[in-house]
Every structure is written in C-alpha cells, then in structure tokens.
Amino acid sequence: MIPLKDNIPSRTFPVTNVTLIIINSIAFLYEVSLGVRVDEFVMRYGLVPVKFLFILKHDLLNLHQAIIPVFTSMFL
C-alpha cells in the first residue's frame, strides 16, 4: 500500500517536484487552449515512434530532430 504520510519531517522543500508539476500544468493548459490544432502540436512536439525510429535508422545527420521529442513529449 502507498504510504499517505510519514513521521520523518522533511528538511528541504521539494523544488524539483513542484517545478515539474507547474511545467506540466502549464503545458496541459496550453494544450487544452489549442482546440482543434492540438493534433498538429502533438505531431510536432510529441514522440511519434515511427518518426523516431526512421530518423535513427536513415538520417543520423538530423539526430536532434529525433532526440528533442523524447524530452518535450513528457509534458504533453
């Protein structure tokens, strides 16, 4: 079972955790505000496996095009 609380007080504020929650919330609100253009946004910044594998297999000069969606897709 997942613990709901503990008796050991934390000495530091969870800055990284709060930052990731804020970034994900902003990305979600932006995605919701896109309306019908959300598909274009996801295809451009999301990780589409067939595009990723094609670039890795055939076009290593444009490797940055395959790597960037790996990091940006976590916020979609």
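The values are calculated or read from the model by the stated rules, or taken from the named source; none is laboratory data. Worth saying up front: this structure is predicted, and the values here are computed from it rather than measured. Please note: Cβ atoms are built from the backbone with ideal geometry, for glycine as well, and neighbour counts cover all protein chains shown.
A few points about this structure:
- Selection of segment 1-20 for residues being surrounded by 10 or more Cβ atoms within 10 Å (Cβ to Cβ) and over 20 Å from Gly46 (Cβ atoms) yields Pro14, Val18, Thr19.
- Each residue in segment 15-30 was checked for being of a type outside the set (Gly, Ala, Ser) and within 16 Å of Phe71 (Cβ to Cβ), and 6 pass.
- Options Phe41, Phe13: the member that is part of a loop (DSSP other than H, G, I, E, B) and modelled with pLDDT of 75 or more: Phe13
- Residues in segment 31-53 that are over 18 Å from Ile68 (Cβ atoms) and hydroxyl-bearing (Ser, Thr, Tyr): Ser33 only.
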